[in-house]
Each structure stands twice: as C-alpha cells, then as structure tokens.
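Worksheet: one structure, shown below.
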Amino acid sequence: MDTPDCSLFAYASLPTAIVESPSVSAETRPHMARFSCRAGLAAAAAVVMAGSAVILLSGRLGGVVAVVVVLVGVPGVCHYVRMWGELSDLRQISDVVQDALLRPVPERCGPVRVHARYSAAEPGARVGGDLYEVVSTPFGVRAIIGDVSGHGLAAVQMASDVLGAFRALASHEPRLEGIGRRLDAFVATRVGEFSEKFVTAVLVEIHADTETAAVCSYGHPCPLILHAGKPQPLDESIAVLPFGLLDLANEWCAPAAIPFRPGDRLVLYTDGAIETCDENGLAYPFEQRLAELLTADSGELLDRLLEELRTYPGGQDHDDIALLILEYEKAAPIGTPGAEQVNAEPGSLR
C-alpha cells in the first residue's frame, strides 16, 4: 500500500525556525511569534484539506492520521512559540537586572588599573552571592570583594544590598575600618539577630601619594600581592569575624598597611578559587598557578585562572568565583600621546 505524501507537515515548522533565527531582532520576535501561529494554522488547514482530499479520493487510513496529527500538534506548536517569545523577554529582563546588581568595574581608577572576572555557580546565571566593586574617592581608591554565606536568590539579594551600602559609604566615611563597622551593622540588621547568614569581605584602600595600601579582612581569604617575582600572601592574623558577627567578639578591624608601588599587583579572590576540588579532594593549586603565570598580562592571567577553575576535575560543581586584580600603573599625564582617559565613576561600562 502506498503511503500518502505528508510533506506539507514540513511547512508547519518553518515559522518557528524563522522566529528562532539569530538574524531576527528582539523587538521583532514577538510580532514574528504571532505571525508564526497564524502561519502554522494556515499550514494546518492546508494539511487538513489535503488529508480530507485523500480520504475522499482513496479512503485510505493515512489521510485520517494526517488530519488527527495536525489538529493535535499545531496548537501545541503555537503554544510553544508563544512561550518561547515570553522566555526570550524574561531573559532580557534577567540580563538587565544582573548587570544592575554587579555592574562592570571601571577599567582604571587614577593610577590603578582594574581587572575583574566572575563565574556564578548557578547554571545560566551571571551573578551569585559573591561581590566586588572598585571606586575612586577623596580618600583614595577603595575596593571591596566579598562572599555571602548561602546560595540562591537570598544570597544574591544580600550581595546587592552590601554593594549598594559600600558604594554609598565609600566616598563619605573617612576611615576604612569605619566602613567595615557600618557594613557589619547593616548586615546584622538585614539578616536578623539569630540568623546564620553573614558576609565575608576584604576592604582595600590605596594611597598613591605614599605608595601604600590599607587592607581589612573580615573572615575572608587574605589577598596576595604580586611583588618581586612571586606571590606574597598577607598575614592571616589581620582577619577578624565576618560582617554580621563582629559584635560576638567586640572586634574592631584595624587596617594593615602594606607597600604598594608601581608595578605591584594586589590579587583579591573569593573562596571558590581555593576550594574547588577534584574527585579526590585535591584543591586547585591557586597560589602555585599564580606564581607560574606571573609574566602574563593581568587580564590574560585571570582568564587562564578562571578557565582552569571551570575545567578542573569537579570544577563544574564549583562555588561562585570572583577574581579581582588591582594593578598599580601610574597614569600618563593628560594630553600626552597614548594617555588613556581615566574613568573613576563606579560601575561605569568598559
């Protein structure tokens, strides 16, 4: 028995393929989706009529099957196309929200060149519970890197709140430890007296005039300074309790002063960089790889580290990872050939 020609089915899928084409703009897709449904229904009608003709002319079962499949399948296709358009809109909104939460840092603040990389643990997300920011203030270049305990939307919300508070405080609080104390009180208020939530962080203040940097660590991995050909970890004894828990020990974090001269690089990172382990529990050798990649440009160095962390055995299950390098590079005088425009606005685009 010959099988009826059902090639008309192919036309029902063409509108969806057109809508999903990369050449179609986001603004056009909703209109294309509506057109897709209408075209799909037209194709369905054509197939129904063709199937009916087959039934009338030959009485074959194949025509009945064609009609039933189209009547059942085309509404589902149209529903899928509508949902695809809505999902596309939601993704665009999500991208805008994520960019607002963790805005790109400026490429440069005064004499400090800034390099940052971020990898969220949640599939499909660009932000998580890790945070960082660099701003130029009357008190010097100030930076924060931190990690909210826990995961999910609550951690993202807390990270956003802490970033907003830091941006507000950085240009008005004269003491770096004063920022830390205020952020501690803010976090404690946000999470509640008996909550287990807290935020680990490192605060940095760079003074170009004295070629020094002040560092406060609140339960966070201490930065590494790349100086004299090797990474040099800072003294872990400078760390105190995280934000939200300082009152438990009545601690006041006095900043540690370190030399920070032209050519030096300060590497700040979150614990995802040092706690990514393989199936045998062996941690990624973060400090060792830093030493091996010292000759690389800071941007390339971070790219290499992040790629290795992502592909490290077991790295697909890593925590959020934030990497930040502050590189002391004296700016060329404005107006000289090759001088770069200094962008000191926090959160400005690259």
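Condition check: open to solvent by 40 Å² or more (accessible area, probe 1.4 Å) and closer than 24 Å to TYR328 by Cα. Does HIS207 satisfy that?
yes
If GLU177 satisfies every condition in (1) modelled with pLDDT under 95; (2) under 14 Å from LEU245 (Cβ atoms) but one, which is the exception?
(2)
List the number of the failed condition for THR276; all other conditions in (1) in contact with a helix residue (DSSP H, G or I) (Cβ under 8 Å, 6 or more places away or on another chain); (2) open to solvent by 30 Å² or more (accessible area, probe 1.4 Å); (3) among the polar types (S, T, N, Q) hold.
In the conditions (1) in contact with a helix residue (DSSP H, G or I) (Cβ under 8 Å, 6 or more places away or on another chain); (2) open to solvent by 30 Å² or more (accessible area, probe 1.4 Å); (3) among the polar types (S, T, N, Q), THR276 misses (2) alone.
Consider the stretch 219-229. How many of its residues are surrounded by 12 or more Cβ atoms within 10 Å (Cβ to Cβ) and out of contact with any Leu (no Cβ under 7 Å at 6 or more places or on another chain)?
The qualifying residues number 3.
Would you mention how many residues in the stretch 262-273 are more than 12 Å from TYR312 (Cα to Cα), surrounded by 19 or more Cβ atoms within 10 Å (Cβ to Cβ) and out of contact with any His (no Cβ under 7 Å at 6 or more places or on another chain)?
Count: 6.
Can you tell me how many residues within the stretch 237-291 are assigned to a loop (DSSP other than H, G, I, E, B) and out of contact with any Pro (no Cβ under 9 Å at 6 or more places or on another chain)?
19
Filter the stretch 271-307 down to the residues that are free of Cβ contacts under 8 Å to residues at least 12 places away in the same chain and among the hydroxyl-bearing types (Ser, Thr, Tyr) and list them by number.
THR295, the sole residue that qualifies.
With LEU290, LEU282 as the choices, which residue is among the aliphatic types (A, V, I, L, M) and within 24 Å of GLY129 (Cβ to Cβ)?
LEU290
Taking only the stretch 293-315 into account, find how many residues are over 16 Å from VAL114 (Cα atoms), surrounded by 12 or more Cβ atoms within 10 Å (Cβ to Cβ) and over 18 Å from the mean Cα position of the chain (by Cα).
5
Take the residues of the stretch 111-167 that are of a type in the set (Val, Ile, Thr) and within 18 Å of the chain's Cα centre (by Cα): which is surrounded by the most Cβ atoms within 10 Å (Cβ to Cβ)?
Taking the candidates together, the pick is VAL148.
Taking the stretch 233-261, which residues are modelled with pLDDT of 90 or more and open to solvent by 80 Å² or more (accessible area, probe 1.4 Å)?
Correct list: ALA257, ARG261.
The values are calculated or read from the model by the stated rules, or taken from the named source; none is laboratory data. Small disclaimer: the values here were computed from a predicted structure and weren't measured. Neighbour counts are summed over all protein chains in view; Cβ atoms, including those assigned to glycine, are modelled from backbone coordinates with ideal geometry. Note: areas computed on protein heavy atoms with side chains; ligands, DNA, RNA excluded. Shrake-Rupley method; radii C 1.70, N 1.55, O 1.52, S 1.80 Å.
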